[in-house]
1. I'd like the orientation of helix 67-77 relative to the chain: the angle between its Cα long axis and the longest Cα principal axis, in ° from 0 to 90, rounded to 10.
2. Along Cα→Cβ, 7 Å out, is where each label goes; now give me the distance between the ones at LYS51 and GLU24 in nm to one decimal.
3. Full extension from ASN7 to LYS34: what is 0.36 nm times the residue separation minus their Cα-Cα distance, to one decimal in nm?
4. Given +1 on the Cβ of Lys and Arg, -1 on the Cβ of Asp and Glu, and no further charges, what dipole in debye does the chain carry about its Cα centre, rounded to the nearest 20?
5. Which residue, chosen from ILE73, TYR41, ASN57, occupies the Cα position most advanced towards the positive end of the dipole of the chain, where the dipole is computed from +1 (Lys, Arg) and -1 (Asp, Glu) charges on Cβ about the Cα centre?
6. Under the 0.36 nm per residue contour assumption, what length would be gained going from the current alpha-carbon distance of LYS14 and ASP71 to full extension?
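Just so it is clear, none of the values below were taken in a lab; they were calculated from the coordinates. Owing to the predicted nature of the structure, the values given are computational and were not obtained by experimental measurement. Cβ atoms come from the backbone with ideal geometry, glycine included; neighbour counts cover every protein chain shown.
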Amino acid sequence: MSYREENECEITDKCPFFIDELAERPGIAVMYKKKYCNGNYVECARYLVIKELGLENAPSDLYPNMLRRADEIIAERI
Ligand code: SF4
């Protein structure tokens, strides 16, 4: 069983953004991980889309701070 921080997003082990995109962008990785993945993940645009529509419906270029786009994606699908 893996240890999970109290505020850690429940899908860090599945989220392509966390696994791939942030690995390629170490400069912003620290900021995003601290603010969203290991913090306020319930306000992450990706998290909202994934919880509502599933992992496959979160575009790879949807960044955690793109809440308006997340709302648009969700509105289009439901
Ligand atoms: S980017 Fe968002 S959905 Fe992905 S692991 Fe971080 S908080 Fe969770």
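1. Here the helix axis deviates by roughly 50 degrees.
2. Calculated label separation equals 2.7 nm.
3. Values: separation 27, 0.36 × 27 = 9.72 nm, distance 1.00 nm.
Additional length available on full extension: 8.7 nm.
4. It works out to roughly 180 debye.
5. Looking along the dipole axis, the top candidate is TYR41.
6. On the way: separation 57, 0.36 × 57 = 20.52 nm, distance 2.14 nm.
Taking LYS14 through ASP71 to full extension adds about 18.4 nm, to one decimal.
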